[in-house]
Amino acid sequence: MMPEDLRTLSMFDWLENDLLLTINHCEPASSDASFRRYFRVTTPGGQFIVMDAPPTKENIEPFIRIAKLLAESQINVPSIFQQNLTDGFLLLEDFGSQCFLDRLNANTADDLYQSAFDSLIKLQTQTPVQNSGLPSYDEPLLHRELAIFDEWFLEQLLDIQIPAAVWEAVRTLLTASALEQPRTCVHRDYHSRNLMVLDSDSPGVIDFQDAVIGPVTYDLVSLLRDCYIAWPEQLVEQWRFNYFERLQQAGLINCSPIQFKRWFDLMGLQRHLKAIGIFSRLHLRDGKSNYLGDIPRTLNYVTTVCATYPELAELHNFLLEQVLPVLSKVEL
C-alpha cells in the first residue's frame, strides 16, 4: 500500500505534471537506514525507481556526483534520468528487486562473490584517489564512527560504560591500522544488500553516496564479513587471499599476507563496532527495530577478532564479562 503523505503527493506532482509521465502503478521499493525512501513506478515506457530524499534530512548532491564518478570507473550504478534538487527527488534506472542477499547460498556464493570482486577491483583501480572530490576517511571520521558504538550501543541500549583506558587503546589501535593502509576509493557499504543481481553487467551497485578515499581493505571486509550473512572462516580466508593476490597484481599493495590479514581484521572491527552502534540507533531513535536481529552476528565478528589479537584482550574480556550478559536480556 502506498503511504499517503505530503512527500508522496509532491512526488506524484513532479512525475505527472513536470515530467509528464503516466503512472500506471507505484509501490514502495525499499527503504534503508537513512531518511531516504524508494518507490518503483510503472509507466507505459517501463519501470523506474524514484528516490525520495527530504532536503531537510538528506542531500542528494553527493549521490548524483558520485554516481557520475563511479560510472566513469565502469561500475554499474543506476542511471539518473531526471533530478529535482529543490524537492529531493531522483528518477533512476530500476535494477530490480533481487539483491545478493536474496540469492546467496552455498551453491551460488562463489559466482556471486567473483562478480563482486570484479566490480570492486575496478572501483579500486579505476577511480582516481587524487582529484576525485571524495572526502578522506581520516582520523576524525574514524573516531566519530567508533563513538556511535560507545554512545548508542553501550550507553543507550545497554546502559553500561567501557573503561576509558580500554576504549582509548582500541581507538588508537584501529585508527593507526586504518591510516597506514594504501588508500583507494571506498564504497563504504559494499555488502549483500547493496549489490543487485542483474542479467548482464552484474552486480548493480547502489547506496554509494557515502563513498570516501580510505583503507584498501574496507570494502573487502564489508563484503566478506557481512553484517547480514556469515560464511565459514575458511571460506572467507580463501576469498580474502585470492583478492589479496589481485591487489598485488594491480600494484595497489606491497605487503605480506599476514599484514594484509591484520589490516582486514582490524578494519572489520572498526566497521562492525560502528554497525552495532548504528543498529542500536536505528532502533532507539528511528523506530527501525528490525536491525536489532543483526547485532549478534556482527558482535560475533567482533569477539572473534578480539580473541585473535593479544592487544585486544581487555576489550575481549569486557565484551564477554559485561556486554554479552546484558545483551542476552535485550529482546532482539
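The values are calculated or read from the model by the stated rules, or taken from the named source; none is laboratory data. Here the structure is a predicted model, which is why all the values come from computation and not from measurement. Every residue, glycine among them, receives a Cβ derived from its backbone with ideal geometry; neighbour counts consider all protein chains shown.
Cβ-Cβ below 9 Å, separation at least six or inter-chain, first residue in the range 187-210 and over 19 Å from Val221 (Cα atoms), second modelled with pLDDT of 95 or more and among the hydroxyl-bearing types (Ser, Thr, Tyr): which pairs?
From residues that are over 19 Å from Val221 (Cα atoms), the pairs are Val197/Ser115; Ser202/Ser115; Ser202/Ser119.
Could you pull out the residue among Ile75, Ile121, Ile148 that is among the aliphatic types (A, V, I, L, M) and assigned by TED's automatic domain parsing to the domain that holds Met11?
On the way: Ile121 fails: assigned by TED's automatic domain parsing to the domain that holds Met11; Ile148 fails: assigned by TED's automatic domain parsing to the domain that holds Met11.
Every option except Ile75 fails the conditions.
Read through the list (1) farther than 20 Å from Phe95 by Cα; (2) surrounded by 22 or more Cβ atoms within 10 Å (Cβ to Cβ); (3) small (Gly, Ala, Ser), then give the number of the only condition that Ala116 fails.
Every listed condition holds for Ala116 apart from (1).
For the range 122-170, how many residues meet the condition of being part of a helix (DSSP H, G or I), crowded, with 18+ Cβ neighbours inside 10 Å and not hydrophobic (A, V, I, L, M, F, W, C)?
Within the range 122-170, residues that are part of a helix (DSSP H, G or I), crowded, with 18+ Cβ neighbours inside 10 Å and not hydrophobic (A, V, I, L, M, F, W, C) number 2.
With respect to Val305, is the statement that it is surrounded by fewer than 13 Cβ atoms within 10 Å (Cβ to Cβ) and either within 21 Å of Tyr190 (Cβ to Cβ) or touching a residue at least 40 places away in the same chain (Cβ under 8 Å) (or both) true?
no
Given the conditions (1) of a type in the set (A, V, I, L, M); (2) over 26 Å from Phe153 (Cβ atoms); (3) assigned to a loop (DSSP other than H, G, I, E, B); (4) in contact with a helix residue (DSSP H, G or I) (Cβ under 9 Å, 6 or more places away or on another chain), and given that Leu198 satisfies all but one, which numbered condition is not satisfied?
Of (1) of a type in the set (A, V, I, L, M); (2) over 26 Å from Phe153 (Cβ atoms); (3) assigned to a loop (DSSP other than H, G, I, E, B); (4) in contact with a helix residue (DSSP H, G or I) (Cβ under 9 Å, 6 or more places away or on another chain), only one is false for Leu198: (4).
What number of residues within the range 194-204 satisfy the criterion of being hydrophobic (A, V, I, L, M, F, W, C) and either within 11 Å of the chain's Cα centre (by Cα) or buried (at least 23 other Cβ atoms within 10 Å of the Cβ) (or both)?
To start, the set of residues in the range 194-204 that are hydrophobic (A, V, I, L, M, F, W, C) comprises 195-198.
Then keep just the ones that are either within 11 Å of the chain's Cα centre (by Cα) or buried (at least 23 other Cβ atoms within 10 Å of the Cβ) (or both); that gives 195.
Number satisfying all stated conditions: 1.
When the residues of the range 96-113 are narrowed to those that are under 15 Å from Leu195 (Cα atoms) and hydrophobic (A, V, I, L, M, F, W, C), which ends up surrounded by the most Cβ atoms within 10 Å (Cβ to Cβ)?
Among those residues, the one meeting the criterion is Phe100.
Quick check on this structure: which one of Asp150, Asp189, Asp159, Asp207 is more than 17 Å from Ala275 (Cα to Cα) and of a type outside the set (A, V, I, L, M)? Give the steps one after another, and end with the answer.
Working: Asp150 fails: more than 17 Å from Ala275 (Cα to Cα); Asp189 fails: more than 17 Å from Ala275 (Cα to Cα); Asp207 fails: more than 17 Å from Ala275 (Cα to Cα).
Of Asp150, Asp189, Asp159, Asp207, the one residue that is more than 17 Å from Ala275 (Cα to Cα) and of a type outside the set (A, V, I, L, M) is Asp159.
For Gly293, which of the numbered conditions (1) within 25 Å of the chain's Cα centre (by Cα); (2) without any contact (Cβ under 8 Å) to a residue 60 or more places away in the chain; (3) surrounded by 13 or more Cβ atoms within 10 Å (Cβ to Cβ) fails to hold?
(3)
Within the bounds of the range 240-247, is there any residue that is in contact with an Asp or Glu (Cβ under 8 Å, 6 or more places away or on another chain), among the basic types (Lys, Arg) and either assigned to a helix (DSSP H, G or I) or at pLDDT 95 or above (or both)? Working first, answer last.
We begin by selecting, within the range 240-247, every residue in contact with an Asp or Glu (Cβ under 8 Å, 6 or more places away or on another chain); these are none.
The answer is no, given that none of the residues of the range 240-247 is in contact with an Asp or Glu (Cβ under 8 Å, 6 or more places away or on another chain), among the basic types (Lys, Arg) and either assigned to a helix (DSSP H, G or I) or at pLDDT 95 or above (or both).
Looking only at residues in the range 284-332 that are assigned to a helix (DSSP H, G or I) and among the hydroxyl-bearing types (Ser, Thr, Tyr), which one is farthest from Glu155 (Cα to Cα)? Give the derivation first.
If we filter the range 284-332 for residues that are assigned to a helix (DSSP H, G or I), which is where we start, we get 284, 289-308, 310-327.
Then drop every residue that is not among the hydroxyl-bearing types (Ser, Thr, Tyr), which leaves 289, 291, 298, 301, 303-304, 308.
Details: Ser289: 17, Tyr291: 18, Thr298: 18, Tyr301: 21, Thr303: 19, Thr304: 23, Thr308: 26 Å.
The extreme case among them is Thr308.
Does Ser280 satisfy the condition of being touching a His at 6+ places or on another chain (Cβ under 7 Å), over 13 Å from Val216 (Cα atoms) and either assigned by TED's automatic domain parsing to the domain that holds Asp226 or exposed (fewer than 13 other Cβ atoms within 10 Å of the Cβ) (or both)? Don't jump to the end; show me each part of the working.
Working: touching a His at 6+ places or on another chain (Cβ under 7 Å): no; over 13 Å from Val216 (Cα atoms): yes; either assigned by TED's automatic domain parsing to the domain that holds Asp226 or exposed (fewer than 13 other Cβ atoms within 10 Å of the Cβ) (or both): yes.
The answer is no for Ser280.
Quick one: Asp189 ticks every box in (1) in contact with a Cys (Cβ under 8 Å, 6 or more places away or on another chain); (2) more than 15 Å from Arg297 (Cβ to Cβ); (3) part of a loop (DSSP other than H, G, I, E, B) bar one, so which box is it?
(1)
Yes/no matrix, rows are residues, columns are (1) on the phi > 0 side of the Ramachandran plot; (2) β-branched (Val, Ile, Thr); (3) in contact with a helix residue (DSSP H, G or I) (Cβ under 6 Å, 6 or more places away or on another chain); (4) modelled with pLDDT under 95:
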{"site": "Ile206", "(1), (2), (3), (4)": "no, yes, no, no"}
{"site": "Val216", "(1), (2), (3), (4)": "no, yes, no, no"}
{"site": "Gly251", "(1), (2), (3), (4)": "yes, no, no, no"}
{"site": "Ser256", "(1), (2), (3), (4)": "no, no, no, no"}
{"site": "Phe264", "(1), (2), (3), (4)": "no, no, yes, no"}
{"site": "Met267", "(1), (2), (3), (4)": "no, no, yes, no"}
{"site": "Gln270", "(1), (2), (3), (4)": "no, no, yes, no"}
{"site": "Ala275", "(1), (2), (3), (4)": "no, no, yes, no"}
{"site": "Lys288", "(1), (2), (3), (4)": "no, no, yes, yes"}
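Going by the structure shown, is Ser177 in contact with a helix residue (DSSP H, G or I) (Cβ under 9 Å, 6 or more places away or on another chain), in a helix (DSSP H, G or I), of a type in the set (Ser, Thr, Tyr) and in contact (Cβ under 8 Å) with a residue 60 or more places away in the chain?
On the way: in contact with a helix residue (DSSP H, G or I) (Cβ under 9 Å, 6 or more places away or on another chain): yes; in a helix (DSSP H, G or I): yes; of a type in the set (Ser, Thr, Tyr): yes; in contact (Cβ under 8 Å) with a residue 60 or more places away in the chain: yes.
Spelling it out, Ser177 is indeed in contact with a helix residue (DSSP H, G or I) (Cβ under 9 Å, 6 or more places away or on another chain), in a helix (DSSP H, G or I), of a type in the set (Ser, Thr, Tyr) and in contact (Cβ under 8 Å) with a residue 60 or more places away in the chain.
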